[in-house]
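Asker: Pasting in a structure now, in structure tokens, and then I'll have a few things to ask.
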Amino acid sequence: MKKAGALLVLAVIAVVMTLAPMAWADDVQGKIKSVDPSGKIVTLDDGTQLMIPPTLSVEKQALKPGANVKASYEEKDGRKVATSFMVMPAR
């Protein structure tokens, strides 16, 4: 019986170690401070830099300093890569 318990503990540890490096999504909201010339990296007023991948359809004309945005992102290779990006309408 002790052997079965030890195997279960090892199996749980193996699953946790496998899932640990997975990227977890996070959300951010703020105003655009700047946009790089290519339109691929947006810096928010709090210093957060978001990379917009080519798979996301974002209207480049809406990416202007002062625009309010809401985004979700995942950390990949030390960068915050947007998984969703929405420019909020002006009030």
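Asker: Across segment 41-91, what is the total count of residues that are in contact (Cβ under 8 Å) with a residue 12 or more places away in the chain, among the polar types (S, T, N, Q) and out of contact with any strand residue (DSSP E or B) (no Cβ under 6 Å at 6 or more places or on another chain)?
Answerer: Matching residues across segment 41-91 total 0.
Asker: Can LYS80 be described as among the charged types (D, E, K, R), within 16 Å of the chain's Cα centre (by Cα) and surrounded by 14 or more Cβ atoms within 10 Å (Cβ to Cβ)? It would help to see each step written out before you state the result.
Answerer: Details: among the charged types (D, E, K, R): yes; within 16 Å of the chain's Cα centre (by Cα): yes; surrounded by 14 or more Cβ atoms within 10 Å (Cβ to Cβ): yes.
So LYS80 passes the test.
Just so you know, all these numbers are worked out from the coordinates, no wet-lab data involved. Every value quoted in this text rests on a predicted model; they were computed, and no experiment measured them. Heads up, the Cβs are rebuilt from the backbone with ideal geometry, glycines too, and the neighbour counts pull from every protein chain shown.
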